[in-house]
Every structure is written in structure tokens, then in C-alpha cells.
Amino acid sequence: MSSGSALSALLSIMVFLTLLGATASVVADEIELDRQVSVSEGSDSFHAVSDSHGFSVNDRFDLIFDEGTLSLWYTEDVSASNPLSWKLEISFAELFSFADDGNGRFDSGDTVVSSLDLSDASYSLTYSTVSIPEGGNKTTVTAVSEDGVLTLVFVITTSATLVGEVPISPSDVKLDIRISGFDLAGEADHIGLSMSIDADMESTIDFVGIDGSSQLNLTQSDLGGFFRWADDASVDGVHGPVGATWIDEELTFSYLAGELIVHDPVIGVRSIAPSSGLIVDVTPIGDPLLYGVGFALAAAAILGAVAVRNRKNH
């Protein structure tokens, strides 16, 4: 064999070994670094758990829906004896129609025409799980109130993906709010949806406005979460403005009156595990310690697996 041929063969072997090493590294990452999402089903409630695995510190994101209340927990390090954590509860309290005084949001100058108490409403739930192009799965949970007026659609994924036009990550939950056939008697020109918001005693909640959207930020130490919504909604197929009022730990959305209203918030956390959220830079929103992990689509696929079990954990 000539020296040129030998050198060429040696270079080919080196390239092959380099590629083999890179492939092995990727396979190792696939084995060691992932986020697993499980959803425990009930006829009127569900419990979703999102755990990261294989990182130096592994975190957990829990979401429970039961009797019209969303309970969220974030635990920074599940292996620690006393890990940092926070809790947020969002309870759907009341639907009502009102005559607006002209500012597009519900306040003391408006007149309530009709109301529906949601605090004791019961919901029936249905579930579906499908594969998504980015890898992994998307689980959709649909909760319909007993009278069919309020429908809540939760979407939970194991990879960064688009739900409609909204980018979410595995540490986010996409929520569609649908209001259908609510009583519009009298002079009502708007429909209001009020929610009570409660954080654990060591957390703070801030209301901030951003271009085209608004959000509540939850922060504790260097951990955080958010509840973000678009400043417009579909009302009978046409985009209309959404007013938001944040008073005494109660959030009220105000929509133009219509037969079918569709609004699309996102709930999420700031996770410390890389596969939980940010892979690209995002400008801090609100508190500088809180980053909206669901507002930029990740630049690389996030690995995960979903297991749906027919049992009720909570």
C-alpha cells in the first residue's frame, strides 16, 4: 500500500471513530436525559406529573384539576430532603354578563345582568393521546361543566411543539377556555369570567402587561411560574379584545358578548432542568428571575415519554 493510500485509510478510520463517538454520545444523552410525563385519569379530575431524569438536579411539575380548581406545584430538586418549591391555585369562580361602562374590562362602574356560580360546578373529563412530529406525545384533557357552558381544554406535551400557533414546552400546559351559550339577556354587552388566585405564603404574585398579552408571575426565591394569556380572543369566529382586572387576588377576564368565546392561556414554570424549557435565549418577563419558558419554541427536540394510567393519584 502506498503512503498516500495508507494516510487516506487512516483519515477515514479517524472520521469513522469520531462519528461513532458522537453517535454514542447522542445515544447516551437519549438514555440519560429526558422528561417523562404521566397523566392519571379520573372521570371528574386528573393529575399530570412532569419529571426530568438524568440531570445533575431533577425537578418535578405537578398539575391537578379537581372540582374547578387548578393546583400547580413545582419542586426544584426531588431528591433533596427539604427542596425549594412553590404552589399556585387557580379556581374558576363565576361566569357573568354585564353592561360595560366603556373601558372594556369589568370594574365598579359596570352593571351585572346575569351570573352563574362556578364554585360548586361539576365537570366531566375525556382524554386523548397522540404522537407529535417533534417526538414523544401530546395528551389532551377536556373538562366540560355540567351545563356545557364552560369547557376547559388542557394540552400537555413531552417535547417542545406548537399547539395551534402557541409554542409550548414540557414544563408548560396549554389551556383553552371556551364559553358557549351563556345567558345574554338584558343590556349585557360583555361576558366576564372570574378566577380566584392563591399562592403559598412565601410566594408573590405580580400582574404585568406585555405586547399583545398579559400574565401573572409567581416568584419564590429564584423559582417561578406564570399564567399568560393573549389580549384578544375569538368571539363567534371574530377576534375581539380581552380586558383583564386583577384585584384582591381575583383575576377577571372580560370578553365581548357572543355565543362562542375561545381564549387560549398558557400555564408554565421556570424549570432548572435544561430539557424542561429554554434552549434559546428569551428576554426576562416581569421579575428578572422569571423566564417565560413556554414563549420561545426550543431550538432542539426535547426527549420524553408519556404514560397514561387509569388511576387517580389525588
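Ordered by residue, what ³J(HN,Hα) values in Hz, to whole numbers, does region 239-251 give under the Karplus form 6.51 cos²θ - 1.76 cosθ + 1.60, where θ = phi - 60° and Gly and Pro are x? My calculation for region 239-251 gives 5, x, x, 10, x, 10, 10, 10, 9, 6, 6, 10, 9 Hz in order.
Taking the Cβ of each residue in 86, 246 as the centre, tally the other Cβ atoms inside 10 Å and list the residues starting with the fewest. Please list the in-between numbers first.
Working: 86 23, 246 15.
The most exposed by this proxy come first: 246, 86.
Here the peptides 124-132, 156-164, 110-118 are ranked by packing, the mean other Cβ count within 10 Å, and the order with the highest first is 156-164, 110-118, 124-132.
Specify whether the C-alpha gyration tensor of region 90-219 places it in the rounded, prolate or oblate class, a ≥ b ≥ c being the square roots of the eigenvalues: rounded for a/c under 1.5, otherwise prolate if a/b is larger than b/c and oblate if not. Mind showing how you got there, number by number?
Values: a/c = 1.98, a/b = 1.49, b/c = 1.33.
Note, shape of region 90-219 comes out prolate.
Maximal additional length on extending the residue 89-residue 245 stretch stands at 54.4 nm, based on 0.36 nm per residue less the C-alpha distance.
Look at the dipole of region 35-309 built from charges on Cβ: of 265, 182, 54, the Cα furthest out on the positive end belongs to 54. Listed by Cβ neighbour count within 10 Å, with the fewest neighbours leading, 144, 235 appear as 144, 235.
So, counting K/R as plus one and D/E as minus one, what does the shell of residues with Cβ under 11 Å around residue 146 add up to? Intermediate values should be presented prior to the final figure.
Values: positive: none; negative: 44, 120, 147.
Within the 11 Å Cβ shell, the charges total -3.
If you average the sequence gap of Cα pairs under 8 Å that are 6 or more apart and divide by the length of region 35-309, what percent do you get for the contact order? Computed value for region 35-309: 21 percent relative contact order. Given +1 at the Cβ of Lys and Arg, -1 at the Cβ of Asp and Glu and no other charges, the dipole of region 35-309 around its Cα centre is 1320 debye to the nearest 20. Think of each Lys and Arg Cβ as +1 and each Asp and Glu Cβ as -1; about the Cα centre, that makes the dipole of region 28-132 roughly 60 debye.
Compute the Cα gyration tensor for region 106-169, then decide on rounded, prolate or oblate, letting a ≥ b ≥ c be the square roots of its eigenvalues: rounded whenever a/c is under 1.5, prolate when a/b is larger than b/c in the other cases, and oblate in all that remain.
Values: a/c = 4.47, a/b = 1.95, b/c = 2.29.
In terms of gyration-tensor shape, oblate.
Classify region 35-309 from the C-alpha gyration tensor, please: rounded if a/c falls under 1.5, else prolate or oblate depending on whether a/b exceeds b/c. In terms of gyration-tensor shape, prolate.
For residue 206 and residue 117, a Förster radius of 35 Å and the Cβ-Cβ distance give a FRET efficiency of 0.75, rounded to the nearest 0.05.
Read-outs: derived from the displayed coordinates by stated rules, not from any lab. Small disclaimer: the values here were computed from a predicted structure and weren't measured. Cβ sites come from the backbone with ideal geometry, for glycine too, and all protein chains shown count toward neighbours.
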